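All of the numbers you see were taken from the coordinates with simple rules; none came from a lab. All of these numbers come straight from a predicted model, not from anything done at the bench. Cβ: placed from backbone, ideal geometry, glycine included. Neighbour counts: every protein chain shown.
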Amino acid sequence: MVGASSVAIAGNWDGWQVRALSPLGGDVWEGVLALRSGTYHFNLLVDGKEWVVPGSVAIVTDDGGGMDGVLLVP
């Protein structure tokens with residue numbers, strides 16, 4: 001997300017509600033979620049217009065043929 005002015009996260013843990021992340025500098029963004037153990041699907045919304053899966057995470061195909069990131073909470 002280099003050069004992004006805003007990044008938000010949405011996932012199936014809460015019905016895909018968009019939650020803003022806070023910039024930490026460069027391409028690092030932070031957010032805090034309280035999640036139960038399980039496997040979740042998510043995406044990032046960059047600058048309010050482009051959905052992306054961050055690099056270095058597992059991905060799956062969603063029901064619409066797009067890609068979701070996978071988050072495993074032990």
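Taking Cα centre as origin and charging only the Cβ of basic (Lys, Arg, +1) and acidic (Asp, Glu, -1) residues, the dipole magnitude of the chain rounds to 160 debye.
Each of SER37, GLN17, SER5 was scored by the projection of its Cα onto the charge dipole of the chain, and the greatest displacement toward the positive side belongs to SER37; charges sit on the C-beta of Lys, Arg, Asp and Glu. Given a Förster distance of 30 Å, report the FRET efficiency between TRP51 and LEU24 from their Cβ-Cβ distance, rounded to the nearest 0.05. Between TRP51 and LEU24 the formula returns 0.90.
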